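To start, the structure itself, in structure tokens.
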Amino acid sequence: HMPARTLPLLASRGCYWRCAFCTHHYIYGDSYRVRSKELLESDLAALRERWRCEHVYFVDESMSPRLLRHISAALPQDGRVRWGCELRAERSITREDLSAVARSGCRVLSFGVESANQRVLESMGKGILVADVERIVRECGEFGIRSHLMAIVGFPGETVEESDDTFDFIRRNAAHIDLAGFSYVCLLRHSPVDHAPGKYFVDEV
């Protein structure tokens, strides 16, 4: 369903964050490694030369702000390569970062927002603020970067009113959000919730 050949590329292995519902830290053995700028440039050159590919989607579990800057610098600044990735809407992502990302050819950013209620975000251990999410998606729109928001409904302890905050956030920012995807929470073995269920209002596992 892509408009052109689009291939995956991995710039890092593992995840640098630990959310309460996630098991990436368990799968990767708590490790996080980033490919060097030189190796990324070589990867991208191979995709272009061998496969004539100018569209790339980075399939990293979550791209850190530092890696986002790293990739923006490694890519040609003429917008010849089109790319996207998944990341957290962190406060340290600045307007200048998004401008550089757009110049390097980024056309879509997918944010694991999960909730637009601050208490629920803190319970999840997301480490982000609703106000920062709102700022970043608006600035993405200014630079021609499409925003995809992913959210979870039903995290343990979340009330109906708190879940409504997420839907209200999507409606309020609809002009700046190109796609919003919702899923029900799934409690996974080896996640922080599994290790400390009482902390997350879970009575029995």
(request) Among residues belonging to segment 150-200 that are of a type in the set (A, V, I, L, M, F, W, C) and touching an Asp or Glu at 6+ places or on another chain (Cβ under 9 Å), point out the one that is nearest to residue 106 (Cα to Cα). (result) 150
(request) Select, from 39, 44, the only residue that is in a helix (DSSP H, G or I) and buried (at least 18 other Cβ atoms within 10 Å of the Cβ). (result) 44
(message) Looking only at segment 72-116, how many residues end up being over 27 Å from residue 183 (Cβ atoms), assigned to a helix (DSSP H, G or I) and not basic (Lys, Arg)?
(response) 8
(request) Identify, by number, the condition in (1) among the small types (Gly, Ala, Ser); (2) within 24 Å of residue 27 (Cα to Cα); (3) free of Cβ contacts under 8 Å to residues at least 12 places away in the same chain that residue 131 doesn't meet. (result) (2)
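When only residues in segment 1-35 that are among the basic types (Lys, Arg) and in a strand (DSSP E or B) count, which is farthest from the chain's Cα centre (by Cα)? Explain how you work it out, then say what you get.
Taking segment 1-35 as the starting set, the residues that turn out to be among the basic types (Lys, Arg) are 5, 13, 18, 33, 35.
Filter again for in a strand (DSSP E or B), leaving 13, 33.
Working: 13: 14, 33: 17 Å.
Taking the candidates together, the pick is 33.
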(request) Answer yes or no: is there a residue in segment 83-102 that is within 22 Å of residue 2 (Cβ to Cβ), among the charged types (D, E, K, R) and within 16 Å of the chain's Cα centre (by Cα). (result) yes
(request) Return the pairs, sorted by first residue and then second, in which the second residue is assigned to a strand (DSSP E or B), the first residue lies in segment 1-22 and is of a type in the set (Val, Ile, Thr), the beta carbons are less than 8 Å apart, and the residues are 6+ apart or on different chains. (result) 6/55; 6/56; 6/57
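If you check residue 128 against the conditions, is it aliphatic (A, V, I, L, M), assigned to a loop (DSSP other than H, G, I, E, B) and modelled with pLDDT of 95 or more? Please lay out each step first, then the result.
Values: aliphatic (A, V, I, L, M): yes; assigned to a loop (DSSP other than H, G, I, E, B): yes; modelled with pLDDT of 95 or more: yes.
Against the criterion (aliphatic (A, V, I, L, M), assigned to a loop (DSSP other than H, G, I, E, B) and modelled with pLDDT of 95 or more), residue 128 qualifies.
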(request) Name the residue, out of 59, 81, 101, that is out of contact with any helix residue (DSSP H, G or I) (no Cβ under 9 Å at 6 or more places or on another chain) and of a type in the set (A, V, I, L, M). (result) 59
(message) So residue 139 passes all but one of these: (1) out of contact with any Leu (no Cβ under 6 Å at 6 or more places or on another chain); (2) open to solvent by less than 30 Å² (accessible area, probe 1.4 Å); (3) charged (D, E, K, R). Which condition number does it fail?
(response) (1)
(request) List every residue pair whose Cβ atoms lie under 6 Å apart, where the two residues are 6 or more positions apart in sequence or sit on different chains, the first residue falls within segment 141-168 and is of a type in the set (Ser, Thr, Tyr), and the second residue, located anywhere, is surrounded by fewer than 18 Cβ atoms within 10 Å (Cβ to Cβ). (result) 147/178; 163/153
(message) Which condition from (1) over 15 Å from the mean Cα position of the chain (by Cα); (2) modelled with pLDDT of 95 or more; (3) within 24 Å of residue 17 (Cα to Cα) is the one that residue 174 breaks?
(response) (3)
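Hey, among the residues in segment 50-61 that are in a loop (DSSP other than H, G, I, E, B) and open to solvent by 10 Å² or more (accessible area, probe 1.4 Å), which one's farthest from residue 3 (Cα to Cα)?
Of segment 50-61, the ones in a loop (DSSP other than H, G, I, E, B) are 52-54, 59-61.
Remaining after also requiring open to solvent by 10 Å² or more (accessible area, probe 1.4 Å): 52, 54, 59, 61.
Values: 52: 14, 54: 11, 59: 18, 61: 24 Å.
Taking the candidates together, the pick is 61.
The values are calculated or read from the model by the stated rules, or taken from the named source; none is laboratory data. Values in this document were obtained by computation on a predicted structure and should not be read as measured data. Using ideal geometry, Cβ is built from the backbone for each residue, glycine included, and neighbour counts are taken over all protein chains shown. We work out accessible area using only protein heavy atoms, side chains counted, and drop any ligands, DNA or RNA first. Shrake-Rupley method; radii C 1.70, N 1.55, O 1.52, S 1.80 Å.
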